[in-house]
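Written below as C-alpha coordinates is the structure these notes are about.
The values are calculated or read from the model by the stated rules, or taken from the named source; none is laboratory data. Just so it is clear, the model here is predicted, and its values are computed rather than measured. Here the Cβ positions follow ideal geometry from the backbone for every residue, glycine too, while neighbour counts run over all protein chains shown.
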Amino acid sequence: MLKDHSWEDIAAAFEKARTRQPALSELLGFYERLLKEQHATTVKLGPIPTDEAHLRDRIGKGKSLLSREEFPLDLVSAGALLWSLCRLAKERGDSVRAGVEEIESALGSGTLHLQELLHGTVSEEGYAFAIADQLALDPELLNTLAEASVRPGIQAWAKTVGSFLDNDRWLKPTCPICGSEPKFAELRGQELAASRYLHCGFCGWAWPVRRLGCPFCENKDHNRLQTLIIENHLQSKLEVCDVCRRYLKLVDNKEFIGLIPEVEVLASPHLDLAAMERGYH
Ligand SMILES: [Zn+2]
Ligand SMILES: [Zn+2]
(Lines give C-alpha, C1' and ligand atoms only; values in the text may rest on other atoms or scores of the structure.)
(Ligands and ions follow the chains in the order given, each with its own letter.)
Protein backbone atom coordinates (compact mmCIF):
# COMPACT_ATOMS: atom_id res chain seq x y z
CA MET A 1 0.00 0.00 0.00
CA LEU A 2 1.26 3.45 -0.84
CA LYS A 3 1.29 4.78 2.71
CA ASP A 4 3.43 1.84 3.85
CA HIS A 5 6.36 3.72 2.29
CA SER A 6 7.76 7.19 2.87
CA TRP A 7 7.50 9.63 -0.01
CA GLU A 8 11.31 9.81 -0.21
CA ASP A 9 11.53 6.05 -0.79
CA ILE A 10 8.82 6.15 -3.45
CA ALA A 11 10.52 9.05 -5.25
CA ALA A 12 13.84 7.16 -5.16
CA ALA A 13 12.14 4.07 -6.65
CA PHE A 14 10.80 6.19 -9.52
CA GLU A 15 14.25 7.67 -10.07
CA LYS A 16 15.78 4.19 -10.33
CA ALA A 17 13.04 3.03 -12.71
CA ARG A 18 13.66 6.06 -14.95
CA THR A 19 17.40 5.40 -15.03
CA ARG A 20 16.72 1.79 -16.01
CA GLN A 21 14.20 2.75 -18.67
CA PRO A 22 14.78 6.27 -20.02
CA ALA A 23 12.19 5.70 -22.75
CA LEU A 24 9.49 5.70 -20.04
CA SER A 25 10.60 8.99 -18.46
CA GLU A 26 7.54 11.04 -19.36
CA LEU A 27 5.07 8.34 -18.31
CA LEU A 28 6.91 7.65 -15.05
CA GLY A 29 7.14 11.38 -14.32
CA PHE A 30 3.37 11.59 -14.62
CA TYR A 31 2.79 8.55 -12.39
CA GLU A 32 5.20 9.99 -9.83
CA ARG A 33 3.28 13.26 -9.64
CA LEU A 34 0.02 11.32 -9.39
CA LEU A 35 1.27 9.11 -6.56
CA LYS A 36 2.68 12.15 -4.80
CA GLU A 37 -0.78 13.76 -4.75
CA GLN A 38 -2.30 10.52 -3.47
CA HIS A 39 0.40 10.07 -0.85
CA ALA A 40 -0.12 13.62 0.42
CA THR A 41 -3.91 13.17 0.69
CA THR A 42 -5.24 13.06 4.24
CA VAL A 43 -8.44 11.09 4.53
CA LYS A 44 -10.98 11.81 7.23
CA LEU A 45 -12.04 8.47 8.64
CA GLY A 46 -15.39 8.24 10.40
CA PRO A 47 -16.54 5.34 12.58
CA ILE A 48 -16.05 1.80 11.21
CA PRO A 49 -18.86 1.15 8.72
CA THR A 50 -20.02 -2.01 10.42
CA ASP A 51 -19.72 -3.14 14.01
CA GLU A 52 -16.77 -5.12 15.27
CA ALA A 53 -18.80 -8.23 16.13
CA HIS A 54 -20.08 -8.37 12.57
CA LEU A 55 -16.52 -8.14 11.23
CA ARG A 56 -15.36 -10.93 13.53
CA ASP A 57 -18.34 -13.05 12.47
CA ARG A 58 -17.38 -12.65 8.83
CA ILE A 59 -13.77 -13.57 9.52
CA GLY A 60 -14.95 -16.64 11.41
CA LYS A 61 -16.98 -17.72 8.38
CA GLY A 62 -14.04 -17.19 6.03
CA LYS A 63 -15.71 -14.23 4.31
CA SER A 64 -14.07 -10.99 3.26
CA LEU A 65 -14.62 -8.08 5.67
CA LEU A 66 -16.37 -5.44 3.59
CA SER A 67 -18.11 -5.38 0.25
CA ARG A 68 -17.18 -2.55 -2.12
CA GLU A 69 -20.37 -0.61 -1.40
CA GLU A 70 -19.66 -0.73 2.33
CA PHE A 71 -16.44 1.29 1.98
CA PRO A 72 -17.17 4.79 3.30
CA LEU A 73 -16.02 7.65 1.10
CA ASP A 74 -14.51 10.92 2.30
CA LEU A 75 -15.98 13.07 -0.46
CA VAL A 76 -14.01 16.17 0.48
CA SER A 77 -10.56 14.66 0.05
CA ALA A 78 -11.56 12.51 -2.95
CA GLY A 79 -13.18 15.48 -4.72
CA ALA A 80 -10.17 17.74 -4.12
CA LEU A 81 -7.87 15.00 -5.39
CA LEU A 82 -9.91 14.58 -8.55
CA TRP A 83 -9.50 18.26 -9.43
CA SER A 84 -5.75 18.13 -8.72
CA LEU A 85 -5.35 15.05 -10.89
CA CYS A 86 -7.28 16.75 -13.71
CA ARG A 87 -4.73 19.58 -13.55
CA LEU A 88 -1.84 17.11 -13.61
CA ALA A 89 -3.25 15.09 -16.50
CA LYS A 90 -3.61 18.24 -18.61
CA GLU A 91 0.17 18.58 -18.60
CA ARG A 92 0.46 15.34 -20.56
CA GLY A 93 -0.10 16.81 -24.01
CA ASP A 94 -2.86 18.07 -26.27
CA SER A 95 -4.98 14.95 -26.68
CA VAL A 96 -5.13 14.19 -22.94
CA ARG A 97 -5.69 17.88 -22.21
CA ALA A 98 -8.74 17.93 -24.54
CA GLY A 99 -10.17 14.84 -22.82
CA VAL A 100 -9.68 16.32 -19.35
CA GLU A 101 -11.23 19.64 -20.37
CA GLU A 102 -14.36 17.79 -21.51
CA ILE A 103 -14.51 16.04 -18.13
CA GLU A 104 -14.01 19.32 -16.25
CA SER A 105 -16.66 21.01 -18.30
CA ALA A 106 -19.13 18.13 -17.69
CA LEU A 107 -18.40 18.41 -13.94
CA GLY A 108 -18.77 22.18 -14.04
CA SER A 109 -22.13 22.06 -15.83
CA GLY A 110 -23.41 19.27 -13.59
CA THR A 111 -23.92 16.80 -16.49
CA LEU A 112 -21.38 14.70 -14.67
CA HIS A 113 -22.18 14.63 -10.97
CA LEU A 114 -18.99 14.57 -8.88
CA GLN A 115 -20.50 12.86 -5.86
CA GLU A 116 -22.21 10.15 -7.92
CA LEU A 117 -19.06 9.56 -9.94
CA LEU A 118 -16.95 9.03 -6.81
CA HIS A 119 -19.54 6.92 -4.98
CA GLY A 120 -20.18 4.84 -8.12
CA THR A 121 -16.45 4.26 -8.61
CA VAL A 122 -16.16 2.86 -5.09
CA SER A 123 -19.22 0.66 -5.16
CA GLU A 124 -19.24 -0.71 -8.69
CA GLU A 125 -16.44 -1.97 -10.89
CA GLY A 126 -16.54 -0.29 -14.30
CA TYR A 127 -18.91 2.48 -13.18
CA ALA A 128 -16.81 5.30 -14.69
CA PHE A 129 -16.65 3.48 -18.03
CA ALA A 130 -20.44 3.26 -18.21
CA ILE A 131 -20.94 6.93 -17.31
CA ALA A 132 -18.26 8.04 -19.80
CA ASP A 133 -20.05 6.12 -22.56
CA GLN A 134 -23.34 7.81 -21.75
CA LEU A 135 -21.77 11.29 -21.72
CA ALA A 136 -19.35 10.76 -24.65
CA LEU A 137 -16.29 11.33 -22.41
CA ASP A 138 -12.98 9.46 -22.68
CA PRO A 139 -13.76 6.23 -20.71
CA GLU A 140 -10.18 5.23 -19.92
CA LEU A 141 -9.29 8.73 -18.75
CA LEU A 142 -12.39 9.18 -16.60
CA ASN A 143 -11.89 5.78 -15.01
CA THR A 144 -8.21 6.46 -14.27
CA LEU A 145 -8.95 9.83 -12.67
CA ALA A 146 -11.93 8.61 -10.65
CA GLU A 147 -10.20 5.47 -9.38
CA ALA A 148 -7.04 7.36 -8.46
CA SER A 149 -9.14 9.91 -6.54
CA VAL A 150 -10.92 7.41 -4.32
CA ARG A 151 -7.89 5.16 -3.78
CA PRO A 152 -6.33 6.91 -0.73
CA GLY A 153 -9.65 6.67 1.11
CA ILE A 154 -10.16 3.01 0.21
CA GLN A 155 -6.63 2.13 1.28
CA ALA A 156 -7.00 4.00 4.56
CA TRP A 157 -10.14 1.98 5.31
CA ALA A 158 -8.51 -1.29 4.30
CA LYS A 159 -5.71 -0.54 6.74
CA THR A 160 -8.17 0.23 9.52
CA VAL A 161 -10.33 -2.88 9.19
CA GLY A 162 -7.27 -5.00 8.32
CA SER A 163 -6.26 -4.84 11.98
CA PHE A 164 -9.09 -7.31 12.74
CA LEU A 165 -7.64 -9.87 10.42
CA ASP A 166 -5.31 -12.81 10.93
CA ASN A 167 -3.69 -12.17 7.56
CA ASP A 168 -1.48 -15.25 7.51
CA ARG A 169 -4.36 -17.68 7.81
CA TRP A 170 -6.49 -16.47 4.91
CA LEU A 171 -4.56 -18.11 2.01
CA LYS A 172 -7.41 -17.61 -0.50
CA PRO A 173 -6.82 -16.02 -3.91
CA THR A 174 -9.32 -13.19 -3.32
CA CYS A 175 -8.73 -10.23 -1.01
CA PRO A 176 -9.59 -10.86 2.68
CA ILE A 177 -10.68 -7.24 3.08
CA CYS A 178 -12.91 -6.64 0.07
CA GLY A 179 -13.13 -9.92 -1.87
CA SER A 180 -11.61 -8.49 -5.08
CA GLU A 181 -9.12 -10.17 -7.39
CA PRO A 182 -5.39 -9.48 -6.99
CA LYS A 183 -3.72 -6.97 -9.29
CA PHE A 184 -0.16 -8.23 -8.89
CA ALA A 185 1.94 -10.59 -6.80
CA GLU A 186 5.12 -10.08 -4.82
CA LEU A 187 7.85 -12.37 -3.50
CA ARG A 188 8.98 -11.24 -0.04
CA GLY A 189 11.48 -12.57 2.44
CA GLN A 190 14.69 -14.49 2.12
CA GLU A 191 15.53 -17.85 0.59
CA LEU A 192 13.35 -20.67 1.93
CA ALA A 193 11.37 -18.33 4.15
CA ALA A 194 10.25 -16.25 1.16
CA SER A 195 6.49 -15.94 0.71
CA ARG A 196 4.30 -15.01 -2.20
CA TYR A 197 1.89 -12.18 -1.50
CA LEU A 198 -1.05 -11.05 -3.60
CA HIS A 199 -1.94 -7.34 -3.74
CA CYS A 200 -5.61 -6.39 -4.09
CA GLY A 201 -6.60 -4.44 -7.19
CA PHE A 202 -9.27 -2.50 -5.30
CA CYS A 203 -8.18 -1.80 -1.72
CA GLY A 204 -4.40 -2.36 -2.01
CA TRP A 205 -4.24 -4.93 0.80
CA ALA A 206 -1.51 -7.59 0.53
CA TRP A 207 -1.90 -11.14 1.88
CA PRO A 208 0.26 -14.28 1.72
CA VAL A 209 -0.76 -17.27 -0.41
CA ARG A 210 0.84 -20.55 -1.48
CA ARG A 211 3.82 -20.21 -3.81
CA LEU A 212 2.24 -22.20 -6.61
CA GLY A 213 -1.24 -21.74 -8.03
CA CYS A 214 -3.28 -19.46 -10.28
CA PRO A 215 -5.32 -17.01 -8.18
CA PHE A 216 -7.97 -16.68 -10.88
CA CYS A 217 -8.93 -20.31 -11.59
CA GLU A 218 -7.02 -22.00 -8.74
CA ASN A 219 -5.16 -24.27 -11.17
CA LYS A 220 -2.25 -25.88 -9.30
CA ASP A 221 -0.85 -28.03 -12.12
CA HIS A 222 2.73 -26.84 -12.46
CA ASN A 223 2.82 -28.03 -16.08
CA ARG A 224 0.20 -25.43 -16.91
CA LEU A 225 1.68 -22.54 -14.93
CA GLN A 226 4.72 -20.62 -16.14
CA THR A 227 6.90 -17.78 -14.93
CA LEU A 228 8.17 -15.73 -17.87
CA ILE A 229 11.10 -13.34 -17.90
CA ILE A 230 10.67 -10.62 -20.50
CA GLU A 231 13.54 -8.68 -22.09
CA ASN A 232 15.85 -9.45 -19.19
CA HIS A 233 13.63 -7.43 -16.85
CA LEU A 234 14.26 -9.31 -13.61
CA GLN A 235 12.63 -7.05 -11.01
CA SER A 236 9.19 -8.11 -12.22
CA LYS A 237 8.27 -11.32 -14.01
CA LEU A 238 5.08 -12.64 -15.51
CA GLU A 239 3.14 -15.50 -13.97
CA VAL A 240 0.82 -16.98 -16.56
CA CYS A 241 -1.80 -19.73 -16.37
CA ASP A 242 -2.46 -21.92 -19.40
CA VAL A 243 -5.85 -23.03 -18.07
CA CYS A 244 -7.63 -19.65 -17.77
CA ARG A 245 -5.08 -17.63 -19.82
CA ARG A 246 -4.81 -14.91 -17.17
CA TYR A 247 -1.53 -13.30 -16.16
CA LEU A 248 -0.17 -11.55 -13.10
CA LYS A 249 3.01 -9.56 -12.59
CA LEU A 250 5.29 -10.90 -9.89
CA VAL A 251 7.53 -8.29 -8.24
CA ASP A 252 10.67 -9.95 -6.89
CA ASN A 253 11.44 -8.44 -3.51
CA LYS A 254 13.36 -11.58 -2.64
CA GLU A 255 16.24 -11.02 -5.06
CA PHE A 256 15.89 -7.23 -5.26
CA ILE A 257 15.23 -6.21 -1.67
CA GLY A 258 13.65 -2.79 -1.18
CA LEU A 259 11.53 -2.61 -4.35
CA ILE A 260 8.28 -0.74 -4.00
CA PRO A 261 5.85 -3.06 -5.79
CA GLU A 262 3.36 -0.32 -6.67
CA VAL A 263 6.11 1.56 -8.54
CA GLU A 264 7.51 -1.57 -10.23
CA VAL A 265 4.09 -2.44 -11.61
CA LEU A 266 3.70 1.03 -13.12
CA ALA A 267 7.24 0.87 -14.49
CA SER A 268 6.68 -2.32 -16.48
CA PRO A 269 4.03 -1.67 -19.16
CA HIS A 270 6.06 -3.85 -21.55
CA LEU A 271 5.18 -6.87 -19.41
CA ASP A 272 1.49 -6.26 -19.99
CA LEU A 273 2.14 -5.98 -23.71
CA ALA A 274 4.21 -9.16 -23.73
CA ALA A 275 1.46 -11.05 -21.87
CA MET A 276 -1.21 -9.84 -24.25
CA GLU A 277 0.90 -10.66 -27.31
CA ARG A 278 1.10 -14.22 -26.01
CA GLY A 279 -2.67 -14.44 -25.68
CA TYR A 280 -3.00 -13.83 -21.91
CA HIS A 281 -5.33 -11.24 -20.44
ZN1 LIG B 1 -9.13 -5.65 -1.32
ZN1 LIG C 1 -5.78 -19.79 -14.14
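Conditions tested, residue by residue: (1) in a loop (DSSP other than H, G, I, E, B); (2) more than 16 Å from ligand 2 (Cβ to nearest atom).
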position: Thr160; (1), (2): no, yes
position: Asp168; (1), (2): no, yes
position: Leu198; (1), (2): no, no
position: Arg211; (1), (2): yes, no
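Given the options Ala185, Ala206, name the one that is more than 13 Å from ligand 1 (Cβ to nearest atom) and under 17 Å from the mean Cα position of the chain (by Cα).
Ala185
In the stretch 59-76, what residues are over 17 Å from Ser123 (Cα atoms) and either at pLDDT 95 or above or surrounded by 16 or more Cβ atoms within 10 Å (Cβ to Cβ) (or both)? Ile59, Val76, listed by residue number.
Quickly run through the stretch 217-234 and pick out the residues that are touching a Phe, Trp or Tyr at 6+ places or on another chain (Cβ under 9 Å) and either on the phi > 0 side of the Ramachandran plot or within 16 Å of ligand 2 (Cβ to nearest atom) (or both). Give the steps one after another, and end with the answer.
Within the stretch 217-234, the subset touching a Phe, Trp or Tyr at 6+ places or on another chain (Cβ under 9 Å) is 228, 234.
Scanning the stretch 217-234 gives a single hit, Leu228.
Of all residues in the stretch 158-205, those being among the hydrophobic types (A, V, I, L, M, F, W, C), closer than 21 Å to Val265 by Cβ and not assigned by TED's automatic domain parsing to the domain that holds Arg68 number 12.
Pairs are defined by a Cβ separation below 9 Å, a sequence spacing of at least 6 or placement on different chains, a first member in the stretch 216-228 that is among the hydroxyl-bearing types (Ser, Thr, Tyr), and a second member that is away from ligand 1 (no atom under 16 Å from the Cβ) and at pLDDT 95 or above; the pairs so defined are Thr227/Lys237; Thr227/Leu238; Thr227/Glu239; Thr227/Val240; Thr227/Leu250.
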